[in-house]
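The values are calculated or read from the model by the stated rules, or taken from the named source; none is laboratory data. Since we're looking at a predicted model, the values are computed, not measured. Cβ sites come from the backbone with ideal geometry, for glycine too, and all protein chains shown count toward neighbours. Protein only, heavy atoms only, side chains kept; ligands, DNA and RNA dropped before computing areas. Shrake-Rupley method; radii C 1.70, N 1.55, O 1.52, S 1.80 Å.
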Amino acid sequence: MTQPIPAYIGVGSNLADPVRQVRAALVALGGLKQTRLLRCSSLYVSAPLGPAEQPDYINAVAAIATELDPEALLTQLQDLERAAGRIRAPDGLRWGPRVLDLDLLLYGMLRQRSATLTLPHPGIGQRAFVLRPLLEIAPDLTIPGLSPLEQLLQQCPPPAARVLDEDSH
Ligand code: ROI
């Protein structure tokens with residue numbers, strides 16, 4: 001039996017009722033094989049990073065413990081994206097709106113760079129919509145190769161991220 005590895009998943013949506021999409025994705029992560037859901041952040045709202053002519057995003061981060069290897073976990077995440085109706089855009093439409101985005105942010109302390117998967121996720125240190133929820137559920141986490149979370153967040157460029165007022169949904 002392999003030892004479960006703690007991993008962090010970034011969840012994002014700005015189409016087709018994003019709050020519902022993100023909540024459903026957090027539940028779905030708990031249902032992945034050989035995987036346990038440890039913690040979920042609050043939901044956060046942020047303006048789009050990338051082209052501005054798209055709706056605001058809802059983001060969250062989940063902590064899981066998984067016996068899947070990183071590539072198998074990535075495949076499972078892509079299956080969930082597809083099940084939610086995500087269509088991978090051709091290259092020209094990079095950074096366009098999406099129904100569901102599941103990013104493998106961290107897999108234990110693993111650092112790797114392959115054609116399919118870079119860990120830690122590139123951009124993790126410059127995105128408030130990842131750092132804020134991560135700080136909420138894992139304040140003491142160290143990202144291999146990067147400064148402490150709090151410091152990264154202070155230096156973070158826009159867009160900012162704020163907690164969603166759950167009462168208004
Ligand atoms: N912008 C925000 N605010 N949140 C996201 O999750 C997000 N995801 C993306 C791009 C298009 C880069 N912009 C985003 O993939």
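Points worth noting:
- Selection from 25, 114, 144 lying farthest towards where the dipole of the chain points positive, charges on Cβ: 114
- When each of the peptides 16-24, 123-131 is scored by how many other beta carbons lie within 10 Å of its residues on average, the order from highest to lowest is 123-131, 16-24.
- Per-residue SASA entry for residue 49, accessible area with 1.4 Å probe, Å² rounded to 10: 60
- Each label point was placed 7 Å from the Cα along the Cα-to-Cβ direction; for residue 72 and residue 126 their separation is 3.4 nm.
- Mean separation of Cα pairs under 8 Å and 6 or more residues apart, divided by the residue count, gives the chain a relative contact order of 28 percent.
- The alpha carbons of the stretch 5-168 give a radius of gyration and a Dmax of 14.7, 42 Å, in that order.
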